[in-house]
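Data block below; observations after.
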Amino acid sequence: MPGLPRVAVLGLDAAGAAATITLADGGLTVTAFSEGPAPPPSLAELATHDLTDRVVAVTPATLRLVGAAALGPPFEVHGAPQPDGEAHPLGVFEAVVLTGPAARLGPAGTGSARFGEVFDLEVPWLFHVAGPARLAAAQARWIGEYLRGRYAPPSPDEMAARPRLAGRSLRGGTHGQLTALDRELHAGHTRAAEAGYPMPQPPGTGLNPG
């Protein structure tokens with residue numbers, strides 16, 4: 001969809017496939033990067049949505065994420081598509097979603113602070129999804145709603161002070177996570193509506209969504 005940010009999904013486990021499908025169904029241009037051959041179950045799931053052409057497989061250990069001063073977009077994804085080749089730039093993206101083991105590719109590694117376990121609080125427009133496919137799909141919908149201007153997050157100070165979603169129980173499992181996420185999504189829809197649905201702007205890219 002013209003004017004919307006380009007999104008890279010790094011990691012093609014079940015969560016990565018679910019995120020790719022959800023983001024693409026929401027009208028975003030998505031490229032999914034797999035470390036090594038894409039897992040057959042993930043490819044089969046993507047095939048049901050005609051999205052296998054969005055997959056780029058690279059040699060394991062060559063996938064890298066390079067941001068503007070390593071602190072935000074635009075992000076360059078580097079990797080070696082051929083086993084005997086060298087890593088080189090494979091694309092530039094305004095937003096990046098890290099899944100599972102690929103979380104290590106973020107500037108802060110796997111220990112970055114996150115709002116709702118999804119919005120990276122240290123690197124703007126860097127997101128995380130994990131868990132079973134239905135949770136990853138819900139997390140990706142949350143990301144997509146934000147990137148399309150339909151969801152407005154709390155202020156940065158509020159997110160930093162309350163990184164865990166309201167109502168999220170440590171013992172609630174996936175159901176508890178989904179319930180808390182749905183509650184926050186509704187709250188963010190209200191904030192966006194009250195603000196007139198402003199489109200979010202990725203810092204440093206000059207992107208002007210239309």
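Any read-out appearing in this document is the output of simple, stated calculations on the displayed coordinates, not a laboratory observation. Treat the numbers as computed from the prediction; the structure is a model and nothing was measured. Ideal geometry is used to build each Cβ from the backbone, glycine not excepted, and the neighbour counts take in all protein chains shown.
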Leading residue at positive end of dipole, the range 93-152 (Cβ point charges), from Gly109, Leu121, Ala95
Ala95
CD proxy, 222 nm, the chain: helix-only mean residue ellipticity via -39,500 (n - 2.57) per DSSP H run with n ≥ 4, per residue, nearest 500, stands at -9500 deg cm²/dmol
With viscosity set to 1.567 mPa s at 4 °C, what whole-number translational diffusion coefficient in µm²/s follows for the range 1-64 from Stokes-Einstein and a Kirkwood radius over Cα pairs?
111 µm²/s
For the range 6-194, averaging the sequence separation of alpha carbon pairs under 8 Å that lie six or more residues apart and dividing by its residue count, the contact order in percent is 20 percent
Log10 I(q)/I(0) at q = 0.08, 0.11, 0.16 Å⁻¹ for the chain, from Debye over equal alpha-carbon scatterers, is -0.25, -0.48, -1.06
As a test, work out the antiparallel percent of DSSP beta bridges whose residues both lie in the chain, rounded to the nearest 5.
40 percent
Which residue fluctuates the most in the chain, going by a Gaussian network model with Cα springs under 10 Å, if the choices are Gln177, Gln139, Gln82?
Gln82
What is the log10 of I(q)/I(0) for the range 66-160, computed with the Debye formula using one identical point scatterer on each Cα and no solvent, at q = 0.10 Å⁻¹?
-0.29
If the chain between Gln201 and Thr48 were fully extended at 0.36 nm per residue, the gain over the current Cα-Cα distance would be 51.8 nm
Find how much the distance from Arg150 to Ala187 grows on full extension, using 0.36 nm per residue of separation minus their present alpha carbon separation; answer in nm with one decimal.
12.2 nm
